[in-house]
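What follows draws every value from the coordinates through simple rules; no lab data is involved. What you see is a predicted model; the values in this text were computed from it and never measured. As a convention, Cβ positions derive from the backbone with ideal geometry for all residues, glycine included, and neighbour counts pool all protein chains shown.
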Amino acid sequence: MFLDRIRIVLVDTTHPGNIGGAARAMKNMGLSQLCLVSPQGFPSAEATVRASGANAVLEEAVVCQSLDEAIAGYGLVIGTSARRRSIEWPALNPRECAHTLLEHAAHSPVALLFGQERAGLTNDAVDQCRYLVTIPTQDEFASLNLAAAVQIMAYEILLASTDAPAPVAESFPTGASTALAPQQNRQGFYAHLERVLVELDFLDPEHPRKLMRKLTRMFNRADLSTEEVNILRGILTQVQKQQTRQP
Ligand code: SAH
């Protein structure tokens, strides 16, 4: 059921013990694809001890220098967050998240992001996410240990993989031709859009007022396919040509 197409991405992890704990949690639940973005103190004996039997997941973990590198080629990217963000982001609960990941993994590899122990995911990382998932907790004490959060999400994914098909996030493209554009294509489009908006004096780089974040969120909601990204970029290129033609 596509469990091997779900990449668990730990971003900027500071405690190697949590990396080991996450690897063990994954192996318990049948997940194997671990990716570490700029981990501190890894590899380490502490991670290996905490992995306790899940060494293969650790040994095969892919280490990346940037989040872009970790999710290039990935269609659906979902982030986990203990707290609400200043800009509302489309939200899923852990169960919906698990079903949505599995449904989508049928068409392209998918990624689930976990943030740094102290600070969580940065806003830039959240911008890459189609949805954010929050594990329900007591309001006053919402932040789980990183490996515990991975455990809960991995458990939901295992349960969802053994279930009959269940509801997924609404309006998801399902055919191969409408699969989400890979992350680097979407990123390329956002960067292109930003350049054009600056050229048009619509976006003032000195006072960006979260415009790109809002536009990113809007286009993320549209679940753009590769063809749709290409159309939008074609329009931007045409706008640039017209701009340079003007006296
Ligand atoms: N103060 C940080 C907490 C980081 S905890 C924050 O507000 O996000 C480290 C990581 O564990 C988080 O980035 C997230 O990936 C995961 N995590 C912890 N508690 C969570 C929760 N209640 N729901 C979802 N993910 C959680």
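Quick look at the values:
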read-out: Longest segment of the chain lacking trypsin sites (Lys or Arg not before Pro) that sit in a DSSP loop with at most 13 other Cβ atoms within 10 Å; value: 119-208
read-out: Alpha-carbon centroid distance for the pair region 222-247 / region 119-159, whole angstrom; value: 35
read-out: Sequence of 35, 97 once ranked by neighbouring C-beta atoms within 10 Å, starting from the fewest; value: 35, 97
read-out: Spin-label pair residue 222/residue 87, simplified geometry with 7 Å Cα→Cβ offset, distance in nm; value: 1.5
read-out: Summed side-chain charge close to residue 35 - residues other than residue 35 whose Cβ falls under 14 Å, Lys, Arg +1, Asp, Glu -1; value: -4
read-out: Vicinal HN-Hα couplings computed from phi for region 218-231 (Karplus, 6.51 cos²θ - 1.76 cosθ + 1.60; Hz; Gly/Pro x); value: 5, 6, 4, 4, 7, 6, 5, 8, 4, 4, 5, 4, 5, 4
read-out: In Hz, Karplus ³J(HN,Hα) per residue of region 181-192 (6.51, -1.76, 1.60; θ = phi - 60°; x = Gly, Pro); value: 4, x, 3, 5, 5, 5, 4, x, 5, 4, 5, 5
read-out: Range in the chain, longest, excluding exposed chymotrypsin sites (Phe, Trp or Tyr not before Pro) [loop by DSSP; at most 16 other beta-carbon atoms within 10 Å]; value: 3-140
read-out: Amide N of region 63-103 lying under 13 Å from the label point, which is placed 7 angstrom from the Cα of residue 118 along Cα→Cβ; value: none
read-out: Vicinal HN-Hα couplings computed from phi for region 115-125 (Karplus, 6.51 cos²θ - 1.76 cosθ + 1.60; Hz; Gly/Pro x); value: x, 6, 3, 7, 9, x, 6, 6, 4, 4, 5
read-out: Built amide H within the under 5 Å cut-off of residue 225, gap 5+; value: 181
